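Okay, structure first, notes after.
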Amino acid sequence: MVDRSRRQLFTRRSQPSLPRLPWLKNEAEFTDICSRCERCIKACETNILVKGDGGFPQVDFSQGEGECTFCYQCADVCPEPLFLAQTEQPWATTATINEGCMASNNIECRSCGDMCEPQAIQFQLQVGKVAMPTVSSDDCNGCGACVSGCPVSAITMTRVDASTQ
Ligand code: SF4
Ligand code: SF4
Ligand code: SF4
């Protein structure tokens, strides 16, 4: 059962690239330190962690329940000094909707908005067209629930650079 109350709100701006895991201290040094023990993969309560390139763990929102609940289990079970404290921001990432969106093609769909607990996806009414979704990066916590909820895979997660705020 997903406890949506554990989600948090963050503020950031966009930059392309995918998050690997929440609460990483230093993503650039991750593959030097991670022993590929797979404890985090086994501990993930929503089963969204997979073996990625080189066997290193990686979030994949198309797997399991398709969203991060910010339960901190992946960090808790890790024997290496890879993770920040739970009180820190888990990651700087936000949902991005691309041109494949059905609403962009004037077909009614609000699935992503229905999936979004923080209500970061709002639909703007347009004259003579279906309502279009927009993501507020201020409200999006990067949970990924909308990614698996989109019937045409039109949503990706995007790195946000907190230093540019
Ligand atoms: S915080 Fe929890 S749900 Fe999110 S990746 Fe880690 S173990 Fe999985
Ligand atoms: S769920 Fe996908 S297709 Fe539907 S409105 Fe959202 S982004 Fe568009
Ligand atoms: S927009 Fe998507 S990733 Fe962001 S909070 Fe809503 S459901 Fe989660």
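The values are calculated or read from the model by the stated rules, or taken from the named source; none is laboratory data. Bear in mind that the values here come from a model prediction, so they are computed numbers and not experimental data. Methodologically, a virtual Cβ is constructed for each residue, glycine included, from the backbone with ideal geometry; neighbour enumeration extends over all protein chains shown.
Would it be correct to say that Ser148 is among the hydroxyl-bearing types (Ser, Thr, Tyr) and within 16 Å of ligand 1 (Cβ to nearest atom)?
yes
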**Report entry** Test set (1) more than 10 Å from ligand 3 (Cβ to nearest atom); (2) touching a Phe, Trp or Tyr at 6+ places or on another chain (Cβ under 7 Å); (3) more than 25 Å from Lys51 (Cα to Cα) - Pro133 fails condition number
**Finding:** (1)
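Given Ser5, Ser62, which one is assigned to a loop (DSSP other than H, G, I, E, B) and at pLDDT below 95?
On inspection, the qualifying residue turns out to be Ser62.
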Query raised in the report: Of the residues that sit in the stretch 122-165 and are outside any helix (DSSP H, G or I) and among the hydroxyl-bearing types (Ser, Thr, Tyr), which one is modelled with the lowest pLDDT?
Result: Thr158
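Consider Ala131 carefully, then state whether it is aliphatic (A, V, I, L, M) and more than 16 Å from ligand 1 (Cβ to nearest atom). Break it down stepwise before answering.
Numbers: aliphatic (A, V, I, L, M): yes; more than 16 Å from ligand 1 (Cβ to nearest atom): yes.
Yes; evaluated as a whole, the condition is true for this residue.
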Report task. Could you check how many residues of the stretch 58-103 are of a type in the set (Ser, Thr, Tyr) and in contact with a strand residue (DSSP E or B) (Cβ under 7 Å, 6 or more places away or on another chain)? Result -> 3
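Yes/no matrix, rows are residues, columns are (1) in contact (Cβ under 8 Å) with a residue 40 or more places away in the chain; (2) crowded, with 19+ Cβ neighbours inside 10 Å:
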{"position": "Gly54", "(1), (2)": "no, no"}
{"position": "Ala75", "(1), (2)": "yes, yes"}
{"position": "Pro81", "(1), (2)": "yes, no"}
{"position": "Gln86", "(1), (2)": "yes, no"}
{"position": "Asp139", "(1), (2)": "yes, no"}
{"position": "Cys143", "(1), (2)": "yes, yes"}
Report summary line: Every listed condition ((1) over 23 Å from Glu38 (Cα atoms); (2) not in a loop (DSSP other than H, G, I, E, B); (3) not small (Gly, Ala, Ser)) holds for Gln119 save (2)
**Report entry** Among the residues listed as Thr69, Thr87, the single one being modelled with pLDDT of 95 or more, near ligand 1 (Cβ under 8 Å from one of its atoms) and in a loop (DSSP other than H, G, I, E, B)
**Finding:** Thr69
Requested in this report: Could you identify the single residue in Ile41, Ile33 that is of a type in the set (Val, Ile, Thr) and surrounded by fewer than 16 Cβ atoms within 10 Å (Cβ to Cβ)?
Outcome: Ile33
Report task. Go through the residues of the stretch 92-115 one by one and say whether even a single one is part of a strand (DSSP E or B), without any contact (Cβ under 8 Å) to a residue 12 or more places away in the chain, more than 16 Å from the chain's Cα centre (by Cα) and assigned by TED's automatic domain parsing to the domain that holds Ala145. Result -> no
